[in-house]
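To keep things clear, I will list the structure first and then write my remarks on it.
The values are calculated or read from the model by the stated rules, or taken from the named source; none is laboratory data. The structure presented is a predicted model; accordingly, all values stated were derived computationally and were not measured. No Cβ is skipped: glycine too gets one built from the backbone with ideal geometry, and neighbour counts run over all protein chains shown.
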Amino acid sequence: MSKIDLHELIPEGDKYDSHQYFKPTDVQFCHEHYILLFHDGFGIYHKDNVQYPRHYILNDLEIKDPNKPTPRYNTKYIPKSGHSFTLAHINLYNPKFCSAIYTEPDIKLVLLVSNELIQIEYDTKRKRIRQSSILSRFSHLNYTINRDGIIAYPSFFSITLSDFNGNIIENFKITYKQNRGEIKLPSRDEFGIHKLLHWSPDNQKIAFYLTDDRKVAHFPVGDLAQRNVTYPFAGMESETVILGIFDINTKKSVFIDCKHDPVIATAQQSICHNSSYLTGITWSPDSKHILLFELERSQKYYQAKKYSAETGEFEEFLFDEASPTYVEPEHPFYFVNEHQFVYLSQLSGHNHLYSYDLTTKERQQLTSGDWDIDGVYVAKKNLIYYSSNQRNCIGNDIFLFDLTTQTSTLITQEKGTHQFSFDRNSDLWVDLYSSMKDPGHLNFNNHIIPLHCSHKRKNLPYSVEVDTISIDNDPIYYKAVLPKKITEKKKYPVVFYVYGGPHIQLIQDCWGSSTKGFEEMMAQEGYFVFMIDPHGSAKRGRAFEEKIYQNINVPQIADYDRFIDWVIEESPYKEHINPKKMAIYGWSFGGYMTISMLLNSRHTFQIGVAGGAVVDWRMYEVMYTERYMGIRNAETEAIYKKFDLKEHIHKLKTPLYLIHCDSDTTVLWRHTLSLLKKANSIKNLCTLIDYYVFPGHGHNVRGIERVALMEKVKGVIGRYV
C-alpha cells in the first residue's frame, strides 16, 4: 500500500484535488438557473436540466482583453482540462461572484478574478458560452454591488460608484469633523463584521463604517517591506467607530454616533459610548431605518437600537442582553416581514432564534434545546431557514421554521455537513452535503448528483475513527487517524494535534481533513494521531465554552491530560501506544496550547511544535482578548501575568520547536521572539528551543510552501519520536 504524496494530501499541493473532490465554492441563482463557482471556473445549470457538474474552466475560455491582442488566460503551466489544478491556478483564479443579469436569451455573469472583472455571456437556449471578456481592472476588495449592477467601493475618505466597465459614475467625498477616521473595516474581523459597505434595499443609500484608529499603537511587521500595522493590544487605546449613511440622490451623508445617544440605564446596565463596538448593521425593509448592536467594550453587555436613515438620529431602544462573562453578537437582524425580525442569542445558554416585533415590542424565544444554531440562511414571508447541530453535534442540518405555526421542519435527511444556498427571489435551493465517510453530493431542489472522490485508491493508507469520552460529565469528541495496517503487539509513536480555543470545532462530520492533511500525513508515516475538542471549543453552548473565561488554558490542559490518560490506559488503542514516544503540535491558539501542555501537563512529550503561537495575551488584539480575559487594568493584570507563557518558560524540560511567519498580522512575530528573549536569559534553556521562520507569509503558511511547512513539522517530530 503506497503512501499518498504530500502534494496530493495538502490542500495547497499541486495534485491535491486528485485526493479530495472538486466542490463548489459559492452558489448563486439567476432566472431559473443555478450558478456554481469553483476554484478554477463555474457551471451554469437550468433547474429542469441539472446534469453532473461539468464546469467551464477559465483557462479554457478565450477571454478577450481590450488592451491585448491575445487571450488573457492561456498559460501553459495550468492544466487545460480535468479537475486537477496547480497552486498557480488557485492564485490566478478562485473567482468571486459579483452579479448575474438575465437579458433574454443570455445570462450575463460578472466574476471578480484576481483583480479583474470578467463578463461571461451564456446563451441559455443553446447552452453554451457566447463570449467572455475583461471589463476592467479592479483592485478594491471591500466593494459591494447593488441590484442595479452599480459597484460601490471606498477610498480613505470617499466612496466611488462605477459600472462594470470601470467607468466612474461619481466620486463622493465623505466629511465628518475634519475627516476624522477612514472608511474601512473595524474590529479586526471580530463580532461577525466582514462587510464594510451596506446598500439599502431601495439602492438609494449606502451605510458604511467610519473608523478612527489614530490613537491605536503601530507595530512593525518583520517582512522585507518593513511595514507598520495598527494593532490595538489588550488594555491599550482602541479604535472608535461611527456609522455613516450616504444618500446618492442628495449626495449628503448623515452619521450615527452613539456618543450622542441618550444614556439608557436599564435593569442590566448602561453603555460607555466612548469605547463601544458597533455590529449587526441591518437595513429595515423600507430603507428608512438602521438597526445595530452597540456592544460595551467589556463585552458583558449590549443594546439593540434603531436609528433614522434620514437623519442618523437615535430613534428607539429595542432590547439588551448582559452576562457576567461575555456576550457576543455575531449575526445581523433578519426581517421576516415589514415589522418583525429574528436574531440569534445565547440568552438561554445555547445559540437560538428569537423574534422581535417593532410594533408590539414583544420579544419571543422561538427555538430551544441543548444544541446550537450556527446561521440563518434566509428569512422571508414568515419563513426562516436555519442551520443547527440539533441532530448531529459535529455536523449540521437545515431546518425550516414557520413563524405562523411556530414549528420547525427538518429539511435535510443525511447526517453530516450541509452547505445550503437559497434564492430569495424564487424557490430554488442547493445543498452541498458530505460526511466523514461520504464525499457527498449536490442536491438541486431534490435532484441529487453524487460527488465522487476522484482519488483512484480504494485502500487509503490510513483509517479514521470518531467517538466520545466523558470528561466532567460532558461528552468530549475525539478523532483518531491511524495507519491502515497495524502490526500486532507493535508499539506506535503518538502525535496529539491541539487547538482548544473558541470559534473552532476541529472534529467535523464532513469529507476531508479539518487540519488540512496533517493527521493523514502522519498516520501514513506510522503514527497514531489524536485530537479532541475540549472545553472552550465551539458549538457546544455557553457553559461549555466560557469555562475558559479568565482561565484561558486550564480547562483544556485538564481535558487533554484526561484524554491522554484514557488513550494510554483505557482506550482500544492502548496495546499499540508507546507512551515514551509522544509529540504535540498546534498552530495559533493551538500553538499556545502546545507550549502550555509542555509546561503544565502531567505527561511527558518528546517534542512540541508550536506554530504562530500566542505567548503573552497582553500583546494580542483587544477585541478577542478582553472578551475572554477581561479588560486589562490593575484588577486583571495578575490574570494576564498568570497566563503569560514567558512567566513559566523556566519549567520547560522538553524540546520545543517554534515556527512563525514574519508577516503575521494576527499573532505578531514579537510573541515568539519575546519567548526566545526570555529563554535566553535562563541558563541552558536555549538548548531546548529551536526556531524556524517562513518569510512573506501571514498567520499561517499558504500556497505551495505549505507543503514545505508540513515536511518541516514531519521532519522535526520524526527526529524525536
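So Thr412 fits all but one of (1) hydroxyl-bearing (Ser, Thr, Tyr); (2) in a loop (DSSP other than H, G, I, E, B); (3) surrounded by fewer than 18 Cβ atoms within 10 Å (Cβ to Cβ); what number is the exception?
Condition not satisfied by Thr412: (3).
Could you check, for region 189-199, whether at least one of its residues is among the acidic types (Asp, Glu) and modelled with pLDDT of 85 or more?
yes
Just one of Lys653, Lys677 is in the same structural domain as Gln606 (by TED's automatic domain parsing), within 33 Å of the chain's Cα centre (by Cα) and outside any strand (DSSP E or B); which is it?
Lys677
Answer yes or no as to whether Tyr573 is over 30 Å from Ile373 (Cα atoms) and modelled with pLDDT of 95 or more.
Taking the combined requirement at face value, the residue satisfies it.
Criterion first (part of a loop (DSSP other than H, G, I, E, B) and modelled with pLDDT of 95 or more) does Pro555 satisfy it?
The answer is no for Pro555.
So which residues in region 594-635 are in a helix (DSSP H, G or I) and farther than 23 Å from His218 by Cα?
Residues satisfying the conditions are Thr594, Ile595, Ser596, Met597, Leu598, Leu599, Asn600, Tyr628.
For region 142-174, name all the residues that are under 17 Å from Gln204 (Cα atoms) and outside any strand (DSSP E or B).
Those that are under 17 Å from Gln204 (Cα atoms) and outside any strand (DSSP E or B): Tyr143, Asn146, Arg147, Asp148, Gly149, Ile150, Asp163, Ile174.
Going through region 625-672 one residue at a time, which ones are more than 28 Å from Pro695 (Cα to Cα) and among the aliphatic types (A, V, I, L, M)?
Passing the criteria: Met629, Ile631, Ala634, Ala638, Ile639.
Suppose we keep only residues that are more than 30 Å from the chain's Cα centre (by Cα) and surrounded by 15 or more Cβ atoms within 10 Å (Cβ to Cβ) within region 246-282. Which one would you say is modelled with the lowest pLDDT?
Per the stated criteria, the residue is Gln268.
Within region 566-577, is even one residue surrounded by 21 or more Cβ atoms within 10 Å (Cβ to Cβ), in contact (Cβ under 8 Å) with a residue 12 or more places away in the chain and outside any helix (DSSP H, G or I)?
Checking region 566-577: not a single residue is surrounded by 21 or more Cβ atoms within 10 Å (Cβ to Cβ), in contact (Cβ under 8 Å) with a residue 12 or more places away in the chain and outside any helix (DSSP H, G or I).
I'd like the full set of residues that are closer than 17 Å to Ser588 by Cα and either aliphatic (A, V, I, L, M) or part of a loop (DSSP other than H, G, I, E, B) (or both), limited to region 697-721.
Once the filter is applied, which keeps residues that are closer than 17 Å to Ser588 by Cα and either aliphatic (A, V, I, L, M) or part of a loop (DSSP other than H, G, I, E, B) (or both), region 697-721 yields His697, Gly698, His699, Asn700, Val701, Arg702, Leu709, Met710, Val713.
Return yes when Tyr585 is in a helix (DSSP H, G or I), modelled with pLDDT of 95 or more and assigned by TED's automatic domain parsing to the domain that holds Leu688 and no when it is not.
no
Being in a strand (DSSP E or B), surrounded by fewer than 19 Cβ atoms within 10 Å (Cβ to Cβ), in contact with a strand residue (DSSP E or B) (Cβ under 9 Å, 6 or more places away or on another chain) and polar (S, T, N, Q), is that true of even one residue in region 204-227?
There is no residue in region 204-227 that is in a strand (DSSP E or B), surrounded by fewer than 19 Cβ atoms within 10 Å (Cβ to Cβ), in contact with a strand residue (DSSP E or B) (Cβ under 9 Å, 6 or more places away or on another chain) and polar (S, T, N, Q).
Determine whether Gly395 is on the phi > 0 side of the Ramachandran plot and touching a Gly at 6+ places or on another chain (Cβ under 8 Å).
Against the criterion (on the phi > 0 side of the Ramachandran plot and touching a Gly at 6+ places or on another chain (Cβ under 8 Å)), Gly395 does not qualify.
Between a first residue in region 398-411 that is farther than 14 Å from Gln364 by Cα and in contact (Cβ under 8 Å) with a residue 24 or more places away in the chain and a second residue that is surrounded by 10 or more Cβ atoms within 10 Å (Cβ to Cβ) and acidic (Asp, Glu), which pairs have beta carbons less than 7 Å apart while being 6 or more apart in sequence or on different chains?
Ile398/Asp431
Would you please name the residue that is nearest to Gln303 (Cα to Cα), looking only at residues in region 345-383 that are assigned to a loop (DSSP other than H, G, I, E, B) and polar (S, T, N, Q)?
Here the residue is Gln346.
Filtering region 507-548 down to residues that are under 20 Å from Asp472 (Cα atoms) and free of Cβ contacts under 8 Å to residues at least 40 places away in the same chain, which residue is farthest from the chain's Cα centre (by Cα)?
Lys547
Let me spell it out: the conditions are (1) modelled with pLDDT under 95; (2) more than 18 Å from Val481 (Cβ to Cβ), and Phe544 meets all of them except one. Which number is the exception?
Checking Phe544 against (1) modelled with pLDDT under 95; (2) more than 18 Å from Val481 (Cβ to Cβ), the one that fails is (1).
How about region 654-668: which of its residues are closer than 26 Å to Arg719 by Cα and not β-branched (Val, Ile, Thr)?
Residues satisfying the conditions are Pro655, Leu656, Tyr657, Leu658, His660, Cys661, Asp662.
Test of understanding: among Ile134, Ile159, Ile183, Ile120, which residue is out of contact with any Lys or Arg (no Cβ under 9 Å at 6 or more places or on another chain), modelled with pLDDT of 80 or more and at negative phi?
Residue meeting the stated conditions: Ile183.
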